[in-house]
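Nothing in this text is a laboratory measurement; each read-out follows from the coordinates by a stated rule. Keep in mind it's a predicted model, so treat the numbers as computed, not measured. Cβ sites come from the backbone with ideal geometry, for glycine too, and all protein chains shown count toward neighbours.
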Amino acid sequence: MEGLPLDKYSGLCYWKAEKQPVNPAVSGKNSRLPLIFAPRPPIRQALIKFKLVATKFSKETYLYWYELMQLIRQFEQMAEEKYKMEGKIRGFFHAYIGQEAIAAGCMTATRPDDPFITGYRDHGLALAKGVSANACMAELYGKSTGTAKGKGGSMHFFGVDVKFFGGHGIVGAQIGTGAGLAFAEKYKGTDNAVLTFFGDGAARQGMLHEVFNLAMLWSLPVVFICENNNYAMGTSVERTSNVVDIYKLADSYEMPADSIDGMSAEAVHEGVSRAIKRARDGGGPTLLEIKTYRYKGHSISDPQKYRTKEEVEEYKQRDAIAQVTDTILTKKYATQADLDAINKRVAETVAASVKFAEESPIPNDDEVYKDIYIDKNYPFIKD
């Protein structure tokens, strides 16, 4: 995608430090929390010492969000077709469709040098961060031109040149690795902040608690983002935990936290901006529970018997792309013809990625022995 320059739209919203704590409940004042989400109590941490400054989103920002979200959705729809209908893609496949507003809002709230790391539902964030559609599609096809040379597949996208550090198949492993990336940024003396994404299912891993403790102890510049799409692999939050508001898990470590409407790019941008500002200023980590919804199943083979079709349709009525489209047209930032032209450009990008993947070579046999870590001083005998 010929994306808009990200640094042009970064820092659209910021928080101003205050000497005295203010009522943190104002953090949700400008967020359009959906009626289907239960009202949350005010955040209890007195550590949040910031005051919201009103945000004005520009025409360029909305058009950037629209094009990015269209790219993510069209890419995954095409990939799903190649998987189901043509058998060109195999293995695991976890679609991000429905969650695009998170990627969009996070991109405009951060800088290109801020590292992102996530779990195995990684296509959308990889594309948002700047990994090319060609490389992403080639990886799904298992081709040598893919993001991981065709060796990782859907769950292991990677783009170190654009500060995208995966794509991790082990549930919750990225929580610790994300804190490690933040430690490295602090050690190097940068003011970069790391966005560490995980799902509501991964929030049940013990790794989370160990990492939260050390991240607060060492005041690491990391924003922990729980993309809560309600069902983990197929079991609702209510059936797996007594604490259904995941942001409250931060209370045990006196970590600032918030709950955000993940179907609104505006709300995501504002919430992430606050947390990023805190991290850059040396204030340490934040936990953001971004409440979202996946329109597809956990993976491409999920029969989705744990939820009703009516529930899915209810969420689709609040689709983030539709909301952004409505704002663009209402404010006359662009005409429908302009949006159609963007859609056409995105479709051409996606079609080109398929052509690139299909024409790319498969990895050579000797690649199986490459890119493997070997410790020559390994002290144990191995048969």
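Annotations for the structure displayed:
- Rounded to whole Hz, the Karplus (6.51, -1.76, 1.60) HN-Hα couplings of the range 256-262, x for glycine and proline: x, 8, 7, 10, 10, 6, x
- Residues with amide H under 5 Å from that of V194, placed H, sequence gap 5 or more: V222, V223
- Interchain or long-range residues, amide H under 5 Å from I260's placed H: E289, I290, K291
- Extension reserve of the R280-D251 stretch, reckoned as 0.36 nm per residue once the Cα distance is removed: 8.3 nm
- Theoretical FRET efficiency, 1/(1+(r/R0)^6), r = Cβ-Cβ of K56 and D371, R0 41 Å, to 0.05: 0.35
- Shown in residue order for the range 82-97 are the 3J(HN,Hα) couplings computed by the Karplus curve 6.51 cos²θ - 1.76 cosθ + 1.60 at θ = phi - 60°: 5, 6, 7, 8, 10, x, 6, 10, 10, x, 6, 7, 10, 7, 9, 4 Hz (x for Gly and Pro).
- Full extension of the chain segment joining H209 with A184 gains 7.0 nm, where the gain is 0.36 nm per residue of separation less the Cα-Cα distance.
- Contact order normalised by residue count of the range 233-383, Cα under 8 Å, 6+ apart, percent: 18 percent
- Using the Cβ-Cβ distance between K355 and S236 with R0 = 41 Å, the FRET efficiency computed as 1/(1 + (r/R0)^6) comes to roughly 0.50.
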